[in-house]
1. Can you run down the residue pairs with Cβ atoms below 8 Å, 6 or more apart or on separate chains, where the first is in the range 65-92 and free of Cβ contacts under 8 Å to residues at least 60 places away in the same chain and the partner is within 13 Å of the ligand (Cβ to nearest atom)?
2. What's the number of the condition Glu72 fails, among (1) closer than 18 Å to Met173 by Cβ; (2) within 16 Å of the ligand (Cβ to nearest atom); (3) not in a loop (DSSP other than H, G, I, E, B)?
3. Just a yes or no: is a residue in the range 123-141 farther than 24 Å from Val74 by Cα and away from the ligand (no atom under 16 Å from the Cβ)?
4. Return only the number of the condition from (1) in a helix (DSSP H, G or I); (2) without any contact (Cβ under 8 Å) to a residue 60 or more places away in the chain; (3) touching a helix residue (DSSP H, G or I) at 6+ places or on another chain (Cβ under 7 Å) that Ser146 does not satisfy.
5. For the range 9-56, name all the residues that are within 30 Å of Arg168 (Cβ to Cβ), charged (D, E, K, R) and crowded, with 16+ Cβ neighbours inside 10 Å.
6. If you take the residues in the range 87-108 that are under 13 Å from Arg76 (Cβ atoms) and surrounded by 15 or more Cβ atoms within 10 Å (Cβ to Cβ), which one is nearest to the ligand (Cβ to nearest atom)?
7. Kindly indicate which of Arg158, Arg176, Arg195, Arg168 is buried (at least 16 other Cβ atoms within 10 Å of the Cβ), in contact (Cβ under 8 Å) with a residue 60 or more places away in the chain and within 13 Å of the ligand (Cβ to nearest atom).
8. From Arg168, Arg176, grab the single residue that is in contact with an Asp or Glu (Cβ under 7 Å, 6 or more places away or on another chain) and part of a strand (DSSP E or B).
Amino acid sequence: MARKQLHVALISCTPDPEKTIARAAKTCYSASTVDELSEKIDQADQTRFIQMLLRVGHLSTIEHVSFTFAVEGVSRALLAQITRHRIASFSVQSQRYVSQVHEPGQVFDYILPPAIEALGPQAAAEFDQQMRTMQAWYNTWQERLSKDGGEKANEDARFVLPNAAETRFLVTMNARELMHFFALRCCGRAQWEIRELAWEMLRLVRETAPVLFARSGPPCLYGACPEGKKSCGRQQEMKERSEHLNDAV
Ligand SMILES: Cc1cc2nc3c(=O)[nH]c(=O)nc-3n(C[C@H](O)[C@H](O)[C@H](O)COP(=O)(O)OP(=O)(O)OC[C@H]3O[C@@H](n4cnc5c(N)ncnc54)[C@H](O)[C@@H]3O)c2cc1C
């Protein structure tokens, strides 16, 4: 069995992100020197400044802080979507450098969509079997291409691997890009896998920068759904999810 589940960790971020943003804002609005400013920012100031910046849309100030996540247990289908976000930086496990040849009976890691799992054990077993078939195709091409060996064989054998194949990557986004990402990808219209990833990323950054990300998430949290007739109609569910996102489990 090589089914994998989403795992995401916030592995680093700009130290003291909210203070950094407050300082950026104060630099814009204050006559003080940079050294004086660093002493003048207290907690109340920070909160007030960040709320004001978000309200008026002075968003270049929040670009000074960035967050790096390690993500695994996601599909290549997700990868195709998240890498459309151009203001993010990525380092992705390579299917050229990393061979997917496994011992007999073993299969590459992959993601089983919950909707297929919900069809019952027989459907899930059928999906597992399809993955084993693809593993066999992959092994065959590896063998036939092995005169070139290693990376040369990997880079063409991988063409028979599915969108379900697991991938892992590091992604870094600044706070402005993250907010944009959350608005698009926490939305009920986003595909289930990237939506789950986005909510988990939001939960993690809210622990580190609660004021900054207090109102992040899909646009329906604070107004009408911009999707119009295509709305998922789950505004209340989204609000509850956001409200309880950081409740202790
Ligand atoms: C529900 C949903 C369905 C989707 N379906 C499809 C689909 O069927 N086919 C498809 O191809 N894509 C699809 N996408 C992807 C979508 O079109 C975007 O490529 C993706 O969401 C990244 O958004 P973005 O370009 O706003 O963000 P980013 O690339 O993260 O950029 C952030 C912001 O920076 C600015 N920016 C970045 N680059 C430029 C630039 N070159 N010029 C001007 N401004 C720039 C824009 O304001 C942009 O919003 C879908 C996305 C969602 C959420």
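1. Pairs found: Thr83/Phe90.
2. Among (1) closer than 18 Å to Met173 by Cβ; (2) within 16 Å of the ligand (Cβ to nearest atom); (3) not in a loop (DSSP other than H, G, I, E, B), Glu72 violates only (2).
3. Quick first cut of the range 123-141, residues farther than 24 Å from Val74 by Cα only: 140-141.
Subset that is away from the ligand (no atom under 16 Å from the Cβ): 140-141.
For the range 123-141, residues farther than 24 Å from Val74 by Cα and away from the ligand (no atom under 16 Å from the Cβ): present.
4. The single condition Ser146 does not satisfy is (1).
5. Across the range 9-56, the qualifying residue is only Glu18.
6. Only one residue fits best here, namely Val92.
7. Working: Arg158 fails: within 13 Å of the ligand (Cβ to nearest atom); Arg195 fails: in contact (Cβ under 8 Å) with a residue 60 or more places away in the chain; Arg168 fails: within 13 Å of the ligand (Cβ to nearest atom).
Only one candidate passes the filter, namely Arg176.
8. Values: Arg176 fails: part of a strand (DSSP E or B).
Of the residues listed, the single one that is in contact with an Asp or Glu (Cβ under 7 Å, 6 or more places away or on another chain) and part of a strand (DSSP E or B) is Arg168.
Computed from the coordinates by the stated procedures, all read-outs in this text should not be read as laboratory data. Nothing here was measured: the structure is a model prediction, and the numbers come from that model. Cβ sites come from the backbone with ideal geometry, for glycine too, and all protein chains shown count toward neighbours.
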